[in-house]
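Input: a single structure, listed below in structure tokens.
A short reminder: the numbers here are calculations on the coordinates, not readings from a lab. Worth saying up front: this structure is predicted, and the values here are computed from it rather than measured. Because the Cβ atoms are built from the backbone with ideal geometry, glycine has one as well, and the counts that use them run over all protein chains shown.
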């Protein structure tokens, strides 16, 4: 029952954050990060009604997908080009951050006969330890993907804020939302996913416009700082 209670508490906080920002809670998707969870815990969360999960590592994700084929799976970690061949089951890949990866994903998606959903990862905070494109590179990179990768469907952008007090992340999320909006306007596209916010800062992320939040430790009650 602990995980069910955790889910209800997180959903309540999502509703509250949505109301504070004048948004409909149905516009915000909760992604359960299963990096540190056991299969039994994932099953409990699935039984409680959450059906969308994210994994950071390909090897772990492959096992999870076999165990939970009825769930939707996102890949949210840094993706090596030589691991792209394992990505066919993913509904959405959050970490497109370089051209070699775009080419590899596009080629594989063509083989799979699939339009692969992707998010452009942007390092808005400029942290050396984080993956992602510099903000100055995002527009040209996205244009190139749209033009030259017909088997990739760019659905939005993703960012990770520094692990600091929640309120200190607000400028990062606000700037990411600005980039998200301006890119759609400038490139003439319509996106549905702004992936930002984790356990420690998801309420602020929602207040600043997130449409998807990636939650691990708040659901599973385990230390999970690098979701």
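For 182, 217, what's the fewest-to-most ordering of other Cβ within 10 Å of each Cβ?
Sorted ascending by nearby Cβ count, the order is 182, 217.
Quick one: grab the alpha carbon gyration tensor of region 24-90, order the square roots of its eigenvalues as a ≥ b ≥ c, and give me rounded if a/c is under 1.5, else prolate or oblate depending on whether a/b is larger than b/c.
Since a/c reaches 1.5 but b/c is at least a/b, the shape of region 24-90 is classed as oblate.
Hey, how many Å between the Cα centroid of region 110-148 and the Cα centroid of region 31-80?
When both Cα centres are located, 23 Å separates them.
Please find, in a Gaussian network model of the chain (springs between Cα atoms separated by less than 10 Å), the residue of 147, 50, 119 whose mean-square fluctuation is greatest.
147
From Cα pairs below 8 angstrom and at least 6 apart in sequence, can you work out the relative contact order of region 168-227, rounded to a whole percent?
Relative contact order here is 30 percent.
Sorted from fewest to most neighbouring beta carbons within 10 Å, what does the list 12, 94, 74 look like?
Numbers: 12 11, 94 30, 74 26.
Ordered from fewest to most neighbouring Cβ atoms within 10 Å, 12, 94, 74 come out as 12, 74, 94.
In whole percent, what relative contact order does region 80-148 give with Cα contacts below 8 Å and a gap of six or more residues?
29
Going by a ≥ b ≥ c, the root eigenvalues of the Cα gyration tensor, does region 128-198 fall in the rounded group (a/c under 1.5), the prolate group (a/b larger than b/c) or the oblate group?
prolate
For each of 173, 86, count neighbouring Cβ atoms within 10 Å of the residue's Cβ, then give the residues from fewest to most. Walk me through the numbers on the way to the answer.
Numbers: 173 24, 86 16.
Ranking 173, 86 by Cβ neighbours within 10 Å, fewest first, gives 86, 173.
Could you identify which residue out of 154, 164, 52 has the top mean-square fluctuation in a GNM of the chain using Cα springs shorter than 10 Å?
So, out of 154, 164, 52, the one fluctuating most is 164.
Over the chain, what is the mean sequence separation of C-alpha contacts under 8 Å (at least six apart), divided by residue count, expressed as relative contact order in percent?
With pairs under 8 Å counted, the relative contact order is 22 percent.
Only bridges whose two residues both fall in region 2-220 count here: according to DSSP, what percent of them are antiparallel, nearest 5?
Given both bridge residues lie in region 2-220, the antiparallel proportion sits at roughly 0 percent.
In deg cm²/dmol, rounded to 500, what helix-only [θ] at 222 nm does the chain give when every DSSP H run of at least 4 residues adds -39500 (n - 2.57) and the total is split over its residues?
One gets -12500 deg cm²/dmol as the mean residue ellipticity at 222 nm.
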